[in-house]
1. How about segment 45-155: which helices (runs of 4 or more DSSP H) wholly inside it have at least 2 residues that are over 14 Å from the mean Cα position of the chain (by Cα) and of a type in the set (Asp, Glu)?
2. Read through the list (1) in a strand (DSSP E or B); (2) over 22 Å from residue 234 (Cα atoms), then give the number of the only condition that residue 169 fails.
3. Going by the structure shown, is residue 243 touching a Phe, Trp or Tyr at 6+ places or on another chain (Cβ under 9 Å), over 20 Å from residue 98 (Cβ atoms) and not in a loop (DSSP other than H, G, I, E, B)?
4. Among 180, 188, which is the only one that is out of contact with any Asp or Glu (no Cβ under 8 Å at 6 or more places or on another chain), under 27 Å from residue 95 (Cα atoms) and at pLDDT 95 or above?
5. Restrict the check to segment 46-54 and report whether at least one residue is over 30 Å from residue 112 (Cα atoms), out of contact with any strand residue (DSSP E or B) (no Cβ under 6 Å at 6 or more places or on another chain) and modelled with pLDDT of 90 or more.
6. Quick one: would you say residue 40 is part of a helix (DSSP H, G or I), open to solvent by less than 80 Å² (accessible area, probe 1.4 Å) and in contact (Cβ under 8 Å) with a residue 60 or more places away in the chain?
7. Would you check which residues across segment 180-221 are surrounded by fewer than 16 Cβ atoms within 10 Å (Cβ to Cβ) and either free of Cβ contacts under 8 Å to residues at least 24 places away in the same chain or of a type in the set (Ser, Thr, Tyr) (or both) and list them?
8. Is it the case that segment 64-82 has a residue that's over 30 Å from residue 27 (Cα atoms), in contact with a helix residue (DSSP H, G or I) (Cβ under 7 Å, 6 or more places away or on another chain) and touching a residue at least 12 places away in the same chain (Cβ under 8 Å)?
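The values are calculated or read from the model by the stated rules, or taken from the named source; none is laboratory data. All figures in this text were calculated on a predicted structure; none of them were measured in a lab. Methodologically, a virtual Cβ is constructed for each residue, glycine included, from the backbone with ideal geometry; neighbour enumeration extends over all protein chains shown. With ligands, DNA and RNA removed, areas are computed over all heavy atoms of the protein, side chains included. Shrake-Rupley method; radii C 1.70, N 1.55, O 1.52, S 1.80 Å.
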Amino acid sequence: MARNIQSLERAAAMLRLLAGGERRLGLSDIASSLGLAKGTAHGILRTLQHVGFVEQDEVSGRYQLGAELLRLGTTYLDVHELRARALVWTDDLARSSGESVYLGVLHQQGVLIVHHVFRPDDSRQVLEVGAMQPLHSTALGKVLAAYDPVAHSEALEADRSAFTERTVCDPDAFERILDVTRARGYAVDVEETWEGVASIAAPVHDRRRMPVGAVGVMGAVERLQRDGELRPELIAAVRDCARSVSRDLGARRF
């Protein structure tokens with residue numbers, strides 16, 4: 001029988017330890033919990049940190065799961081399953097809002113549109129499935145950057161081009177927008193990407209409460225706004241749609 005590789009077993013045990021409990025643990029806590037010498041534990045942690053599976057807080061020195069591991073953990077969810085779970089809810093959102101609906105996922109430092117429901121009128125429209133949208137200026141992108149650690153890193157590392165006078169490119173200002181997005185549970189884009197166009201988006205989570213995508217509506221500013229503010233019933237409808245898709249994916253407390 002082939003022998004197990006001890007260092008890999010120890011690394012796996014370390015990741016399981018960080019995945020539970022307080023989530024952030026110091027070197028001494030990790031070493032004692034696993035019965036390892038501090039030097040051995042530190043060597044494994046450094047390796048895991050190098051490949052992005054573990055991160056160390058600069059202030060406290062404690063360790064937590066890294067963004068790359070979180071990203072790998074969401075790959076079990078096939079994009080087609082996400083789209084299939086969202087079909088009914090996105091159709092309902094298009095009917096109730098009267099606007100185009102988009103479902104997007106993180107892909108190559110941008111938002112990949114995996115499902116698009118046309119605005120329910122007789123206007124000429126182009127199917128945008130497979131199109132890419134920027135992370136830093138669109139509502140879909142801001143939602144992903146706010147909730148997904150990998151999307152957050154990629155949005156900060158990417159070239160944040162100014163598409164209009166309203167596009168936010170400064171990293172500090174962008175971080176403040178993400179804070180607001182997390183606080184209220186949705187993101188907006190009012191002429192930050194395209195002149196005359198506004199959008200609203202909310203996050204979709206899986207059964208482990210991991211962000212796996214974003215859903216939103218997009219349309220002319222004059223239709224999405226009333227008296228200079230985004231219509232609250234549209235915001236509520238987008239959030240309800242995102243919660244419904246999340247529940248169908250097994251998420252709870254939505």
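1. Per the criteria, 79-97.
2. If we test residue 169 against (1) in a strand (DSSP E or B); (2) over 22 Å from residue 234 (Cα atoms), just (1) comes out false.
3. Yes: the conditions hold for residue 243.
4. 188
5. yes
6. Judged against the criteria, residue 40 is not a match.
7. 180, 183, 184
8. no
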